[in-house]
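Please read the structure below before turning to the comments.
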Amino acid sequence: QVLFVESGGGLVQPGGSLRLSCVASGIDSKFAIMAWYRQAPGELREWVASVTGTGDTFYADSVKGRFTTSRENAKNTVHLQMNDLKPDDTATYHCNTYPPNDATWGQGTQVTVSS
């Protein structure tokens, strides 16, 4: 069974930083393109960033230059470093493969950006 467990969310002021982590089990993630997604209340889930098995990264325009994703293949873990956070970044953040497997969404981790 594939399982993603996200952590690292919290409440942060605008301009602050957070580092999210996602541990994958039941999948050898080093062969998969891993991605971060987010969903704000009342909104559709949106793609945020991806990292390939060789470390190439891709970002949504809304986070480019502020977010950095990386992976530790030996630990089946991906990270999302989020800097200069804005209120519009408030959402539940999830990791999954890219494209996502709808059967394997985890609980996600809540990020709230507010003063």
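Coordinate-derived values only; no laboratory data. Note that the coordinates shown come from a computational prediction; the quantities given were computed from them, not determined experimentally. Counting neighbours? That spans all protein chains shown, and the Cβs are built from the backbone with ideal geometry, glycine included.
Among GLY42, VAL12, THR97, flag the residue with its Cα farthest along the positive direction of the charge dipole of the chain, charges on Cβ as +1 for Lys/Arg and -1 for Asp/Glu.
Of the listed residues, the answer is VAL12.
Taking the Cα atoms of the chain, report the difference between the largest and smallest coordinate on each principal axis, in whole Å and largest first.
Here the spans come out as 39, 26, 21 Å, largest first.
How much of the DSSP beta bridge set in the chain is antiparallel, as a percent to the nearest 5?
Values: 34 of 37 bridges.
Around 90 percent antiparallel, to the nearest 5.
Using a 7 Å offset from the Cα along the Cα-to-Cβ direction at both SER115 and THR68, what is the distance between the two label points in nm, to one decimal?
2.7
Mind listing the phi-derived Karplus ³J(HN,Hα) values for the range 85-98, rounded to whole Hz, using 6.51, -1.76 and 1.60 with θ = phi - 60°, and x for any glycine or proline?
Karplus-based 3J(HN,Hα) across the range 85-98 equals 5, 10, x, 5, 7, 4, 4, 8, 9, 10, 10, 6, 6, 10 Hz.
Run the dipole for the chain about the Cα centre, Lys and Arg Cβ at +1, Asp and Glu Cβ at -1, nothing else charged, and hand back the magnitude in debye, nearest 20.
220
In nm, to one decimal, how far is the ASN101 label point from the LEU44 one, both placed 7 Å along Cα→Cβ?
Result for the modelled spin labels: 2.4 nm.
Over the range 16-96, what is the relative contact order in percent, taking alpha-carbon pairs closer than 8 angstrom and at least six residues apart?
Computed value for the range 16-96: 41 percent relative contact order.
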